[in-house]
1. Would you be able to tell me the number of residues in region 144-176 that are near ligand 1 (Cβ under 9 Å from one of its atoms) and of a type in the set (S, T, N, Q)?
2. Could you tell me whether region 14-24 includes any residue that is away from ligand 2 (no atom under 14 Å from the Cβ), part of a helix (DSSP H, G or I) and of a type in the set (Ser, Thr, Tyr)?
3. Looking only at region 25-39, which residues are crowded, with 18+ Cβ neighbours inside 10 Å and free of Cβ contacts under 8 Å to residues at least 12 places away in the same chain?
4. Inside region 41-134, counting only helices (runs of 4 or more DSSP H) that do not spill past its ends, which hold 1 or more residues that are among the β-branched types (Val, Ile, Thr), in contact (Cβ under 8 Å) with a residue 60 or more places away in the chain and more than 8 Å from ligand 1 (Cβ to nearest atom)?
5. Just give me the residues in region 36-67 being closer than 20 Å to Met111 by Cβ and within 16 Å of ligand 2 (Cβ to nearest atom), in sequence order.
6. Which of (1) on the phi > 0 side of the Ramachandran plot; (2) within 16 Å of ligand 2 (Cβ to nearest atom) is the odd one out, the single condition Asn105 does not satisfy?
7. Looking at (1) within 19 Å of Asn3 (Cβ to Cβ); (2) surrounded by 16 or more Cβ atoms within 10 Å (Cβ to Cβ), which is the only condition Lys158 fails?
8. Condition check: in a strand (DSSP E or B), among the aliphatic types (A, V, I, L, M), in contact with a Gly (Cβ under 9 Å, 6 or more places away or on another chain) and in contact (Cβ under 8 Å) with a residue 12 or more places away in the chain. Does Val142 satisfy that?
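FYI, it's all coordinate maths here, none of it is from the lab. Predicted model only: the values in this text are computed from it and were never measured. Cβ sites come from the backbone with ideal geometry, for glycine too, and all protein chains shown count toward neighbours.
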Amino acid sequence: MTNIVLFGPPGAGKGTQADILKEKYSLVHISTGDVFRYNIKNKTELGDLAKSYMDKGHLVPDNVTINMLKAEVEKNPEANGFIFDGFPRTAAQAEALAFFMGEINSQIDAMVALEVADEVLVCRLLERGKVSGRPDDANENVIRERIAEYYRKTDILKDFYQKKDKYYGVNGVGTIGEITERLSEVIDGLL
Ligand code: AP5
Ligand code: MG
């Protein structure tokens, strides 16, 4: 099994690249943001709860997010490996992920982080907000709050994986194809 955390601030290109890499390496892509949005669309209790945080640009509480992620992993017992996109985002989530990958006799092999300057992120997300219908893209203050939340709670996870010698930073600015190449170099080195 090869399990990758695809990391980076809001708008770094995690979802775009995960869609390509999941095909290329036959991995299951789990985006916690996508699972929350699916629940919002279907008006579930989880969706209602998540929406109250997401619309403000804040993280959904750890216990809710961790249980949901675990359930998504368990839905795919035959997986060749996973690309985690948007998870973990806090120290507690990283600890939980290590624990339950251990329970299935597996582990996280690498955190690959897309590095993009904040002002580029804001531009990308404002641009997408014109068409995406995502309430958290529609307002510059909410976009900036998402980025602030990333620096408050998530950026420190680089240290968590660096200490385990599993951190790889990749320049996230360029064409989509160029960035896929950079990520593939890292992943090919793990196989
Ligand atoms: P989530 O859905 O994870 O959103 P995000 O991390 O804020 O970021 P995005 O998905 O918007 O960006 P991305 O990095 O995937 O980039 P993308 O490929 O889309 O989370 C949303 C919310 O859910 C959170 O705020 C939180 O409330 C909650 N949540 C989710 N996970 C959670 C967790 N673990 N714990 C707690 N709460 C959680 O690209 C962005 C744009 O840029 C697109 O328009 C794309 O076309 C464009 N683009 C991509 N690549 C390039 C390129 N190379 N050049 C130019 N443009 C590009
Ligand atoms: Mg995404």
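1. Initial filter on region 144-176 (near ligand 1 (Cβ under 9 Å from one of its atoms)): 145-147, 149-150, 153-154, 172-176.
Imposing the further condition that a residue be of a type in the set (S, T, N, Q) reduces the set to 154, 175.
Number satisfying all stated conditions: 2.
2. No, because not a single residue in region 14-24 is away from ligand 2 (no atom under 14 Å from the Cβ), part of a helix (DSSP H, G or I) and of a type in the set (Ser, Thr, Tyr).
3. Of everything in region 25-39, just one residue is crowded, with 18+ Cβ neighbours inside 10 Å and free of Cβ contacts under 8 Å to residues at least 12 places away in the same chain, namely Asn39.
4. Values: elements: 45-54, 62-74, 91-103, 118-132.
Correct list: 118-132.
5. Initially, region 36-67 is screened for residues closer than 20 Å to Met111 by Cβ, giving 59, 62, 65-66.
Selection gives Leu59, Thr65.
6. Looking at each condition in turn, Asn105 falls short on (2).
7. Unmet for Lys158, out of (1) within 19 Å of Asn3 (Cβ to Cβ); (2) surrounded by 16 or more Cβ atoms within 10 Å (Cβ to Cβ): (2).
8. So Val142 fails the test.
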